[in-house]
Ligand code: FAD
């Protein structure tokens, strides 16, 4: 009898969790498992703000997929998925196609620019290793040319970050540490540099405890970050951005670097494949399958789960993607063993910690609020735990964060 074929799209937090759990739970005689990913490496998306600011080398952020999968059990295909043909049970890749009996989509997020003019063309987004490397090099180039090029001097030293949510704040924390190093390296007066955070909402880090938010804002302000809260980016241009507080009050901020960190949506493949979604995120059933598709699991940033307590979607996080990966692997194992009862996914939020640079952070973990080095230590433990969950102690030793003080 032909073995069922399980195809996993994306080797991020969710996809790798499914692959590494399935390789343990499913025998080679039970199913064929194929993992498809754009690159032959996995990257820790939650560390990309560090690589973007240049406080952590991009090679520290990634590791080879072959180091964590059992190649006797999981076939790895390096390829870019373009479309899912659910009726025909196949995925179209940039080079060729692949059929499946069960499909897991864990292709992560894309920036959501909300139709703001010029953002796609003139702003960077922290989305993957290539983007992070480009942001780091772009910023460094501005400092490197400041003293040699008479043109656009002030703009070169102005960095705008769009969004004061989690990603924006974590990136600002790294930038605030990196800028003094760049000033020293390239003979630039630190007081000439401007780091501006523009946020349309009336608050920083919505959903966070106000006391923790105040700590984060005053920490970043002390390090030179200027906040423009309740201010929307109306347009990005080759020269910078245009912001507005209302219809009439508009202002141009000239900046050579604009990084958009104010929103994400699910991978566009979802919508391009005709799967019902809201901003590329599929409101999945409790067993993580897409409504109307018995063999299609959607996890991570491409999925949407409602927090019943507040009747709002959970924000997309690595924490949820990994937990979904475990449940998804168990549900697929059940299906190939002809079991009909599938497990319901319920997020178990252990806490949230937002870093403010290498040795500072704010957060809540196991119900306790924390700030400073304690929170920063917790953040590193969370990062190391994610490595451990996928690759065990050897991966933690290879890639873990141990510089806790
Ligand atoms: P990802 O982990 O992003 O993986 C997607 C994978 O799919 C990648 O390997 C990618 O290369 C691959 N891929 C994409 N398109 C294709 C294609 N067409 N074909 C083939 N492969 C493809 N969450 C937290 O819980 N805590 C945090 O502290 C935190 N910090 C963050 C900081 C930053 C800077 C950012 C950007 C995000 C942060 N997040 C955090 C959110 C978290 O990173 C995401 O929720 C998580 O990565 C989602 O996991 P995923 O498996 O859906 O996608």
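Overview of results
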quantity: Test: residue in the stretch 191-199 that is in a helix (DSSP H, G or I) and either surrounded by fewer than 20 Cβ atoms within 10 Å (Cβ to Cβ) or at pLDDT below 95 (or both); calculated: yes
quantity: Residue 320 vs. criteria in a helix (DSSP H, G or I), in contact with a helix residue (DSSP H, G or I) (Cβ under 7 Å, 6 or more places away or on another chain) and surrounded by 22 or more Cβ atoms within 10 Å (Cβ to Cβ); calculated: no
quantity: Any hit, the stretch 52-75, residues being near the ligand (Cβ under 10 Å from one of its atoms), under 20 Å from the mean Cα position of the chain (by Cα) and either surrounded by fewer than 18 Cβ atoms within 10 Å (Cβ to Cβ) or part of a strand (DSSP E or B) (or both); calculated: yes
quantity: 2 or more residues surrounded by 19 or more Cβ atoms within 10 Å (Cβ to Cβ) and in contact with a strand residue (DSSP E or B) (Cβ under 8 Å, 6 or more places away or on another chain): qualifying strands (runs of 3 or more DSSP E) within the stretch 219-316; calculated: 232-237, 240-244, 257-260, 264-266, 296-298
quantity: The stretch 275-298 residues that are in contact (Cβ under 8 Å) with a residue 60 or more places away in the chain and at positive phi, paired with ones that are in a loop (DSSP other than H, G, I, E, B) and surrounded by 15 or more Cβ atoms within 10 Å (Cβ to Cβ) (beta carbon under 8 Å, 6 or more apart); calculated: 279/112; 280/267
quantity: Tally of residues being buried (at least 18 other Cβ atoms within 10 Å of the Cβ) and touching a strand residue (DSSP E or B) at 6+ places or on another chain (Cβ under 6 Å) across the stretch 353-369; calculated: 7
quantity: Conditions (1) surrounded by fewer than 22 Cβ atoms within 10 Å (Cβ to Cβ); (2) in a helix (DSSP H, G or I); (3) within 11 Å of the ligand (Cβ to nearest atom); number of the one not met by residue 349; calculated: (2)
quantity: Only listed residue being modelled with pLDDT of 95 or more and not in a helix (DSSP H, G or I), chosen from 182, 82; calculated: 82
quantity: Pairs, first within 14 Å of residue 135 (Cβ to Cβ) in the stretch 39-62, second more than 9 Å from the ligand (Cβ to nearest atom) and assigned to a loop (DSSP other than H, G, I, E, B), C-beta under 6 Å, six or more apart; calculated: 50/56
quantity: The stretch 15-46 - residue that is within 13 Å of the ligand (Cβ to nearest atom) and in a strand (DSSP E or B) and, of those, surrounded by the most Cβ atoms within 10 Å (Cβ to Cβ); calculated: 35
quantity: Residue within the stretch 233-241 that is away from the ligand (no atom under 16 Å from the Cβ) and under 23 Å from the mean Cα position of the chain (by Cα) present; calculated: yes
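The values are calculated or read from the model by the stated rules, or taken from the named source; none is laboratory data. The shown structure was predicted, so the numbers you read here are calculated from the model rather than taken from an experiment. As a convention, Cβ positions derive from the backbone with ideal geometry for all residues, glycine included, and neighbour counts pool all protein chains shown.
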